[in-house]
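Accompanying notes for the structure given below.
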Amino acid sequence: MGPEIIALIASFSYALFTLYGWFGLRYSTALVATIVSLASRTIILWIAVFLLGGIPEFAQSSLSLFVFLGLMQSVTSLLTFVGLHKIGTARSQPLRNAYPLFSALIAVAIMQEQAGALILLGTILVVGGVILISWKPDVPPPGYRWWHILYSLSAGALAGVAFPLRRYGLSITNEPVFFAAVVAVVSLLGALPALSVSREKTAVWNKKGIVYFIVSGFFEAVGALLALVALSTGRVVVVSPIVATTPLWNLLIAVIFFKDREEVNARTVAGTIAVFSGTIAIALGR
């Protein structure tokens, strides 16, 4: 199976992670969602490590890099949630999902990856389509300031930097399952200080919510693992924009199963066409 197909499946898995997380939030709180989903992802990935033969041999430089990536993911998650709080979903998601542009710039400029006209066009189409799908007009949250966009933009930039770093780490030691588990446990530990100072005083440990968050963590683990597997054999400029098509899957799931809650208009249709066209262009231009 080629890296493009693996990246596409990873994108769909991330969409299911979002969907089940949303289901769980109907019964519980964001604090519980964070704890349970991160713990679920960590446990599942470490089980996978031991089922596949245990901890492999690895270069110390690769381990150090993925520990750093785990800490960076904690910061990325924090910036993402702060952005959601400060500027709202409609403004934060498009900025956060622009990360393939940062990944492509780094991969071409520093890692010397080749990106032809079709790949560049496809990346722009995917990012533009994701923005069209994600963006919805709304009223700015209380206390909104224009510079609050830097939270979501910084999260997108860090996510964009992470893809080339993962690719580089896997080029030293190609053990995507083990390193996905390393990133999971480090990001869980890195998130605990932020959770301890959370303003959310009440943690609602509802059984239905917990079950949904466990399933959500499972799909996040699958998405993270498949993204690393795709990067282990594919180029950053190809894998990153395909993984970024998650909002398209979210839209399709919502249209099919929640017709009364999702509006399909000219903007979302144009965004869908752009994402599909961009994905095809990337696949053809690899």
Report summary line: Restricting the range 163-179 to residues that are more than 15 Å from LEU226 (Cα to Cα) and buried (at least 24 other Cβ atoms within 10 Å of the Cβ), the one nearest to the chain's Cα centre (by Cα) turns out to be PRO164
Requested in this report: Report yes if LEU95 is at pLDDT below 95 and surrounded by fewer than 20 Cβ atoms within 10 Å (Cβ to Cβ), otherwise no.
Outcome: no
Query raised in the report: Hey, among ILE5, ILE35, ILE44, which residue is without any contact (Cβ under 8 Å) to a residue 60 or more places away in the chain and either among the hydrophobic types (A, V, I, L, M, F, W, C) or part of a loop (DSSP other than H, G, I, E, B) (or both)?
Result: ILE5
Report summary line: Filtering the range 47-67 down to residues that are of a type in the set (A, V, I, L, M, F, W, C) and either touching a residue at least 60 places away in the same chain (Cβ under 8 Å) or closer than 10 Å to VAL182 by Cα (or both) yields ALA48, VAL49, LEU52, ILE55, PHE58, ALA59, LEU63, LEU65, PHE66, VAL67
Report summary line: Those residues of the range 117-132 which are farther than 15 Å from ILE242 by Cα and at pLDDT below 80 amount to LEU132
Query - Matching residues, the range 53-78, being at pLDDT below 80 and buried (at least 20 other Cβ atoms within 10 Å of the Cβ) - result: none
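The values are calculated or read from the model by the stated rules, or taken from the named source; none is laboratory data. Just so you know, these numbers come straight off a predicted model, no measurement behind them. Note: ideal-geometry Cβ built from the backbone for every residue, glycine included; neighbour counts use all protein chains shown.
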